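To start, the structure under review is shown below, and the notes come after it.
The values are calculated or read from the model by the stated rules, or taken from the named source; none is laboratory data. All figures in this text were calculated on a predicted structure; none of them were measured in a lab. Here the Cβ is made from the backbone with ideal geometry for all residues, glycine too, and neighbour counts use every protein chain on show.
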Amino acid sequence: MQNDKVLLLQLQNKDEAALSALYDNYSGAIYGVILRMCKDEQHAQNLLQDTFLTIWEKAYQYNPEKGKFYTWAYRIAKNKTLNFLRQSQNLIQTEDLSVYTNKQENLIVEPEFLKLNGCLKQLDLHHQKAIELVYFQGLTHKEAHLEMEVPLGTFKSYIKQALKKLQLSYEKAVVWLLIFIDLIR
């Protein structure tokens, strides 16, 4: 991974290779935020593309003294997604939500999701809440610490501790799953 400072200088000089490298480095994380917010893959892909187009067009506005590139890109993505959600809200009910019909939905749950969800449930409640606010609801640390009514430093330590615990328990879950699969073969 190239140095972000060099890439950002190149991007501000309209170097397409720098945009491509920044896209490779950050698009996965930004896409995850967008997808969690809008819950639609096609719209999330379009919003991701629109985010990086704005990054390309507004690169001259980025100031590294005010924050990291990811934070700037995240804010652009979040704002674009919120604007999209505001303009596309359906204010008229179009679905039949009748309580008399029995709609059976076939849900397919990925095994990876089950493992991760199981690991999340093992965390302390305050760690679960911190992870949920940041990674599933798309809040910034500043927004989330206010939501949880704890100091910003405390909230950041919650995230750090939760991620460490998740990494350890998730790795253990994968190891146990592999052992279990090996046993039933």
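Here VAL6 fulfils each of the conditions (1) buried (at least 19 other Cβ atoms within 10 Å of the Cβ); (2) modelled with pLDDT under 90 apart from (1).
Among the conditions (1) modelled with pLDDT of 85 or more; (2) surrounded by fewer than 18 Cβ atoms within 10 Å (Cβ to Cβ), TRP72 misses just one, which is (2). Checking each residue in segment 9-51 for being surrounded by fewer than 19 Cβ atoms within 10 Å (Cβ to Cβ) and either touching a residue at least 60 places away in the same chain (Cβ under 8 Å) or not assigned by TED's automatic domain parsing to the domain that holds LYS80 (or both) picks out GLY32, ARG36. If you scan segment 54-69, which residues turn out to be touching a residue at least 24 places away in the same chain (Cβ under 8 Å) and either surrounded by 12 or more Cβ atoms within 10 Å (Cβ to Cβ) or acidic (Asp, Glu) (or both)? Listed by number, the residues that qualify are THR54, ILE55, TRP56, ALA59, TYR62, PRO64, PHE69.
Pick from segment 139-182 the residues that are among the small types (Gly, Ala, Ser) and surrounded by 15 or more Cβ atoms within 10 Å (Cβ to Cβ): which of them is modelled with the lowest pLDDT? Don't jump to the end; show me each part of the working.
The first filter runs over segment 139-182 and keeps only residues among the small types (Gly, Ala, Ser), leaving 144, 153, 157, 162, 169, 173.
This time we only want the ones that are surrounded by 15 or more Cβ atoms within 10 Å (Cβ to Cβ), so: 144, 162, 169, 173.
Details: ALA144: 87, ALA162: 82, SER169: 73, ALA173: 58.
Only one residue tops the list, namely ALA173.
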